[in-house]
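S.K.: The following block contains the structure, expressed as structure tokens.
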Amino acid sequence: MLIIQKNDTGSADQRYLAGRQSTMVSIVVNIVLTTLQIITGLFSGSQALVADGVHSLSDLVADFVVLFAARQSRNPADADHQYGHQRFETAASLALGGALLAVGIGMLISAFFKLQAPTVPQVHLAALWVALATLVSKEILFRYMLGVAERVRSSMLVANAWHARSDAVSSLVVALGIAGNLLGFPLLDPIAALIVGLMIVRTGAVFFWRALNDLMDKAVSEEESQAIRRTLLDTPGVFGVHDLRTRKMGDLTIVDVHLELDGRQTVTEGHAIATLARRRVMEQHHVLDVMTHVDPVEPDAAAESADVR
């Protein structure tokens, strides 16, 4: 039984540098927006804008969590973490989901009590302009961060990008609520804050649940599993594959599999075929490790298995 560990230092460095750059851009944007939203929201009397500012503040916390996790996940394997530190990214996604849940619940409680107030004052027009500026900024930030995340194939960066998109959507709701308040419907401002809270809670729950599943060794999708199986079966000398198992390790996958080889071959020949099969999987799929077990089969059974395949 042999293990080949994928060593793609260049790719890891590219992921880290791209993630750090996009996250630093997000930090700068969120610092500006948080300050602008909260100050304007307080002076204009818009609870929805203040809530959106708190949401942007949670983004700042999330950005620093992402930077920390990205740095930690680059650490090489050691005696205590023999498969590396890729799950730091999954843990960061779990933390992001938890932070979103906490922020969303807090906003729901605040908006609920605001709706119970006997009167809701009209907000200042400045709140609408800030909400619209935030909407445009967050949408641009989302598209930029998602492009980087998909290029380097990082689920943590994807989660952070969609966090920015949730901000853009919430800013749209806030802008509509403020506009309604200015048009003579004062309750629309706290109602907008309530809707934003619900959206944040939903987004946080999704991220939290997905990260929790990955930490519990969730398998890859059936499509990806079948693709790995086909790569193994297409390797010359492999007559069958069984007991194929996968589990997530951050953005990568660990594969365990039994390969059926011709029992007449020498150990050296069988080893060469198994090595080739593993290398093909490592090159064609997003895989960290492949663990193989070689099962010898009779020549007739091997030929029959190959005909069926």
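S.K.: Can you give the local net charge around residue 160? Use residues other than it whose beta-carbon is closer than 9 angstrom to its beta-carbon, Lys and Arg +1, Asp and Glu -1.
M.R.: On the way: positive: none; negative: 59, 63.
Every neighbour counted, the sum reads -2.
S.K.: Taking 0.36 nm per intervening residue step and subtracting the Cα-Cα distance, what contour gain separates residue 205 from residue 264 on full extension?
M.R.: Stretched out fully, the residue 205 to residue 264 stretch lengthens by 15.8 nm.
S.K.: Also: Which of the peptides 127-133, 260-266, 206-212 is most tightly packed, and how do the rest follow, judged by the mean count of other Cβ atoms within 10 Å per residue?
M.R.: Highest-to-lowest ranking by the protection proxy: 127-133, 206-212, 260-266.
S.K.: With a Förster radius of 35 Å, plug the Cβ-Cβ distance of residue 284 and residue 20 into 1/(1 + (r/R0)^6) and report the FRET value to the nearest 0.05.
M.R.: 0.80
S.K.: How much length is gained if the chain between residue 216 and residue 115 is pulled fully straight, taking 0.36 nm per residue apart and subtracting their Cα-Cα distance, in nm to one decimal?
M.R.: 32.3 nm
S.K.: Please report the carbon-and-sulfur percent of the accessible area for the range 109-177; probe 1.4 Å, protein heavy atoms only, DNA, RNA and ligands left out.
M.R.: In the range 109-177, the share of accessible area belonging to carbon and sulfur is 70 percent.
S.K.: Please give the length that would be gained between residue 132 and residue 298 if that part of the chain were fully extended, namely 0.36 nm times their separation in residues minus their C-alpha to C-alpha distance (nm, one decimal).
M.R.: Using 0.36 nm per residue and subtracting the Cα-Cα distance, I get 52.7 nm.
S.K.: To the nearest 10 square angstrom, what accessible area does residue 113 show with a 1.4 Å probe?
M.R.: 140 Å²
The values are calculated or read from the model by the stated rules, or taken from the named source; none is laboratory data. These numbers come from a predicted model, not from an experiment. Using ideal geometry, Cβ is built from the backbone for each residue, glycine included, and neighbour counts are taken over all protein chains shown. Please note that ligands, DNA and RNA were not included when accessible areas were found on the heavy atoms of the full protein model with its side chains. Shrake-Rupley method; radii C 1.70, N 1.55, O 1.52, S 1.80 Å.
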